[in-house]
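One structure is given below, encoded as structure tokens.
The values are calculated or read from the model by the stated rules, or taken from the named source; none is laboratory data. Note that the structure is predicted; figures quoted are calculated from it, not measured. Neighbour counts run over all protein chains shown; Cβ positions are idealised from the backbone, glycine included. Just so you know, the surface numbers come from the protein's heavy atoms only, side chains and all, with ligands and any DNA or RNA stripped out. Shrake-Rupley method; radii C 1.70, N 1.55, O 1.52, S 1.80 Å.
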Amino acid sequence: FPVTINAVNGTFRIKSGVTEPAGNIKVVNKGNVDFPVSLELTGEGKDFVQTQINQTLCRKNSIVFYFVLQIPARTPQKEYNVTAIVRGGTKSEPILFTVFVTDTDAPTIKRVTFKDDFVYHDNEIVAEVEDNVDVANVTISYGNVSANMTKDQQLWIHNFKPTELSMYNFNICAVDTSSNRYCQIYNKTFSKLSIVQFSPVINMPSKRIGA
């Protein structure tokens, strides 16, 4: 049976989390007998494609299989091959195309917090970072320091001890798995303690029983 490919061949570029049409396949029956036509999807990207599966093709008529791409959120950026196999009677026709899932959205730094506000105290910078797919790495730089932050779920942590009363400029950069990058500078001034808090230890002499 003759198959006319209208627009489903080639490469389709689509963002993660998006749904959009992706062409169709037209199947023409030039004979005098009705017969069923089925469509099978194979390949790494087959789950992204929505279409009809089985139809009856009447004699001297045609049917169209419409394709819609539905990309789940957080799908990694890469090329996914798809093969649509159209079968009718004893004949089949494979149709190859590629779904290229793109990710152009940079990560978002939602908030940055500090464990302590004073110099010469062990401190901790915590950055909450989100991405539509996944965060690959978060770095921090200030003064002569440049380091990778440690991941804890959506939190990225850096331990340090400030020793200067002047303002620190923390440059935090987040990179996702598609190499999209976002940086933001956070300014912080640390204070010195005005009152030293302590708990005196008093050694009381033991009292002898019967004394």
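If you scan the range 1-31, which residues turn out to be in a loop (DSSP other than H, G, I, E, B), modelled with pLDDT of 85 or more and open to solvent by 30 Å² or more (accessible area, probe 1.4 Å)?
Those that are in a loop (DSSP other than H, G, I, E, B), modelled with pLDDT of 85 or more and open to solvent by 30 Å² or more (accessible area, probe 1.4 Å): 17, 18.
Give the residue, chosen from 107, 162, that is more than 29 Å from residue 75 (Cβ to Cβ) and either over 31 Å from the mean Cα position of the chain (by Cα) or at pLDDT 95 or above (or both).
Result: 162 is the single residue among 107, 162 that is more than 29 Å from residue 75 (Cβ to Cβ) and either over 31 Å from the mean Cα position of the chain (by Cα) or at pLDDT 95 or above (or both).
What are the residues in the range 103-128 that are open to solvent by less than 20 Å² (accessible area, probe 1.4 Å), out of contact with any Ser or Thr (no Cβ under 6 Å at 6 or more places or on another chain) and either within 30 Å of residue 45 (Cβ to Cβ) or free of Cβ contacts under 8 Å to residues at least 24 places away in the same chain (or both), if any?
107
Return the total of residues in the range 62-77 being in a strand (DSSP E or B) and in contact with an Asp or Glu (Cβ under 9 Å, 6 or more places away or on another chain).
3
So which residues in the range 78-91 are open to solvent by 70 Å² or more (accessible area, probe 1.4 Å) and either in contact with a helix residue (DSSP H, G or I) (Cβ under 9 Å, 6 or more places away or on another chain) or part of a strand (DSSP E or B) (or both), if there are any at all?
78, 79, 81, 87, 91
From the set of residues in the range 129-166 that are in a loop (DSSP other than H, G, I, E, B), free of Cβ contacts under 8 Å to residues at least 40 places away in the same chain and not hydroxyl-bearing (Ser, Thr, Tyr), which is farthest from residue 190 (Cα to Cα)?
This residue is 153.
Return yes when residue 59 is closer than 30 Å to residue 184 by Cα and in a loop (DSSP other than H, G, I, E, B) and no when it is not.
No: the conditions fail for residue 59.
Exactly one condition in (1) within 15 Å of the chain's Cα centre (by Cα); (2) over 27 Å from residue 80 (Cα atoms) is false for residue 122; which is it?
The failed condition is (1).
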